[in-house]
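Remarks on the structure that follows.
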Amino acid sequence: KLIALAVFSSDAISSTAYATEEILFVVAVGGSSLALGINVLIPIAIAVAVLLAIVTTSYRQTIYAYPSGGGSYIVSRENLGEKPSLIAGASLLVEYILTVAVSVSAGTAAILSIPQFNSLQPYRVEVCLFFILLLMLANLRGLKESGKLFAGPTYLYIFILGALIVVGLSRVFFGHIDQIHVIKSQFAGQLSSGNLGLFLILKGFSSGAVALTGVEAISNGVPAFKRPESKNAATTLVWMATILGTLFLGVSILAHHLRPYPSEHRTVMSQLGAAVFGQGSIAFWVLQLATCAILTLAANTAYADFPRLSSIIAKDSYLPRQLANRGDRLVFSNGIIILSVAAAILIVVFGGLTNALIPLYAVGVFVSFTLSQSGMVIHHRKEQEPGYRRNMVINGVGAVATFVVAWVILITKFYDPKTGLGAWVSAVVIGLVVVMFLAVHRHYKRVAVSLNVPFDYQPPRMNHTVIVLVGRVHRGVLQALAYARSLNPNHLIALTVVTDEEEQERIERQWSEYRIQVPLEIAYSAYRELSGPVMRYIDEVDLRWDQDIITVVIPEFVVTHWWEHLLHNQSALVLKGRLLFRRNTVVTSVPYHVDRVAADPASPGAPDWEAPQPKEPVGVPPAD
């Protein structure tokens, strides 16, 4: 359980690094003031802690009901039906992307808040992208969620943050610490007066509610625990909630006394650390580095959950099947790359600022919470296990609470005047993802129906026409003709595309000199364009014989080195791409490796129009 706490709790516990700051960004800036914001900080923190207790109690029921892992998508799929499960899945995928963006931006802010690294402030976006690149490469290489890897930074952060709270509140109690001096140039708000209404208080609460992101991680990973899995997972969930709630309340109480100011230039956590430990002290450095480390690990948790959930949804045929495939390192490579690119786009768009990303955050989390807990109510009613009425009440309270919070977040964060965006963006994106799910599913159903074979189905007899494309007579063409003859088609034709009569005479002369017995047909192209005349000719051939399947044989020579391909025309690739979408058409490439000429001196020389006649006619079987 000690290892599990570190592995599954880094996402939730890391939110203490910015949750208090995000509350102050709302209630202490703008039309309000720092004094008013500080006064409502503790009540808001208590409300968030109560919500945390409700959600934790609800998810304990999920752990016991779904010992194989009860993510919101699975619980909703089994109890609420298709549409709710897709909404839950879309909400989680969007939130995982935001988790990476928010965690990386907050971790970067912790580093840049160290005075020695202040010079990197103009490169905030570049630093964020660097961390995302590292996470992507590490996960593509098959980095596992090692217990030792997670345990060190997680417990170090818990220890140093606990020390900050204990030492800070002790010094406050004995009067051995001063309030933080506000730097006017870095604080955009006012120190006193202003107005703080109910709407701003609710908006501040919705910002603090980001502390609950990651709470459901333990319920998703129940199979990873030792036996009895459900009991150990439930115990770990309670410890995680206790640590998270204690640290969050402690930071908020300490901030209430020391009065830090929210700023894009320096985090609230670094201000508290400098005031309690002393700026430049070893403890201050440990606090900032541990904060950055746990936030990076929190982002890495999304790298485990996003690809896994994507693979589950893909197996249900709501996402491209490629997302269900593992790469050569046994990781879901496609999901990792999509997550990285999406998070990087958010970082660039929002300038790597955590407070700019927060209005988009937590909407999907509480939507998935609501659907999961509602699904659990249905589950208890269907199963009617011992104590199911009590469990229904617990999950019902959780569903109602998270539903109310979801609406509070959506309404209070609906529009952000600074960016012109807000929670509406998350709602729209979730809706678009659901529409994409349904479109992908319809496609797979349509393909499945078209591929279905009735028991009385008999494929019609096919005529087989083979068309061999030739430019001039050379070894590759002769091999392609021999291959085409071996297919024993009903009709065998060679086709060449020429630009004038001179080219036509040259190819016909070669055809005669080599005594090739395959009929040669000519297509004209005044502009040396290949694919158009070939496509028109195939359409004409298709009209000659009914129920025909046409095989187009393309002779291609293969050079020794990859860079040598750049020296040759790649028109065959374009032609194959166009033929791919033509019905009843097969494209076959017959490769000829040019290095065999040098390796086999007994073979005929390179293509030469003056070469001697072959002993046997080409294109007909040898005589018995």
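Worth a mention:
- Summed residue charge, Cβ within 13 Å of Ser571's Cβ, Lys/Arg positive, Asp/Glu negative: +1
- Packing-based ranking of 472-480, 255-263, 194-202 yields 255-263, 472-480, 194-202, ordered from highest to lowest mean Cβ neighbour count within 10 Å.
- Calculated over the stretch 1-92: convex hull of Cα atoms, volume per residue (Å³): 142 Å³
- Under 5 Å, built H, 5+ apart or other chain: amide partners of Asp548: Asn463
- Accessible surface of the chain, 1.4 Å probe, proportion on carbon and sulfur as whole %: 62 percent
- Measuring r between the beta carbons of Val166 and Tyr388 and using R0 = 30 Å, the FRET efficiency lands at 0.10.
- Efficiency of FRET between Ala482 and Arg321 - r from beta-carbon atoms, R0 45 angstrom, step 0.05: 0.70
- The chain - accessible surface per residue (Å², probe 1.4 Å): 47 Å²
- Spatial separation of Cα centroids for the stretch 491-561 and the stretch 82-111, in angstrom: 56 Å
- Inter-label distance, nm, simple model (7 Å from Cα along the C-beta direction), Arg141/Arg515: 6.5 nm
- Rg/Rh for the stretch 327-472, where both radii come from Cα atoms and Rh is the Kirkwood radius: 1.21
- Summing +1 for each Lys or Arg and -1 for each Asp or Glu among the other residues whose beta-carbon sits under 11 angstrom from that of Ala275 gives +1.
- Over the chain: helical MRE at 222 nm, DSSP H runs n ≥ 4 each giving -39500 (n - 2.57), nearest 500: -20000 deg cm²/dmol
- Where labels lie 7 Å past Cα in the beta-carbon direction, separation of Ile345 and Lys1 in nm: 4.3 nm
- Simple rule: put +1 on each Lys or Arg Cβ and -1 on each Asp or Glu Cβ in the chain, find the dipole, and look at Ser571, Thr402, Ile345; the Cα lying farthest toward the positive end is Thr402.
- Built amide H within the under 5 Å cut-off of Val587, gap 5+: Val552
- Packing-based order for 578-589, 425-436, using average beta carbon neighbours within 10 Å, highest first: 425-436, 578-589
- Protection-proxy order for peptides 391-397, 32-38, 288-294, 358-364, each taking the mean of Cβ atoms within 10 Å per residue, highest first: 358-364, 288-294, 32-38, 391-397
- Hz values of 3J(HN,Hα) by residue in the stretch 269-280 - Karplus curve (6.51, -1.76, 1.60), Gly and Pro given as x: 5, 5, 5, 5, x, 5, 6, 8, 8, x, 5, x
- Segment Ser571-Gln547, extension gain: residue separation times 0.36 nm, minus the distance between their alpha carbons: 5.7 nm
- Formal net charge of residues neighbouring Trp239 (Cβ-Cβ distance under 14 Å; K, R +1; D, E -1): +3
- For the chain, dividing the convex hull volume of the Cα atoms by the residue count gives 236 Å³ per residue.
- Distance between the 7 Å Cα→Cβ label points at Tyr123 and Met535: 5.0 nm.
- For the set Lys203/Lys315; Lys231/Lys382; Lys382/Lys445; Lys83/Lys315, the pairs lying more than 28 angstrom apart at their alpha carbons are Lys203/Lys315; Lys382/Lys445.
- Net length gained if the chain between Val559 and Arg446 were fully extended (0.36 nm per residue, minus Cα distance): 36.5 nm
- Scalar couplings 3J(HN,Hα) for the stretch 216-221, obtained by applying the Karplus form with A = 6.51, B = -1.76, C = 1.60 to θ = phi - 60°, are 7, 4, 5, 5, 6, x Hz; x denotes Gly and Pro.
- Kirkwood estimate for the stretch 96-252, i.e. one over the average of 1/r between Cα atoms, Å: 19.5 Å
- Residue-span extension gain [Asn463 to Thr588] - 0.36 nm each, minus C-alpha spacing: 43.3 nm
- Bins of 10 Å, starting at 0 and running to the largest distance - Cα pair percent for the stretch 477-548: 17, 45, 35, 4
The values are calculated or read from the model by the stated rules, or taken from the named source; none is laboratory data. If you're wondering where the values come from, they're calculated on a predicted model, not measured in any experiment. We place every Cβ from the backbone using ideal geometry, glycine too, and count neighbours over all the protein chains shown. Heads up: the accessible areas ignore ligands, DNA and RNA and are worked out on the full protein's heavy atoms, side chains in. Shrake-Rupley method; radii C 1.70, N 1.55, O 1.52, S 1.80 Å.
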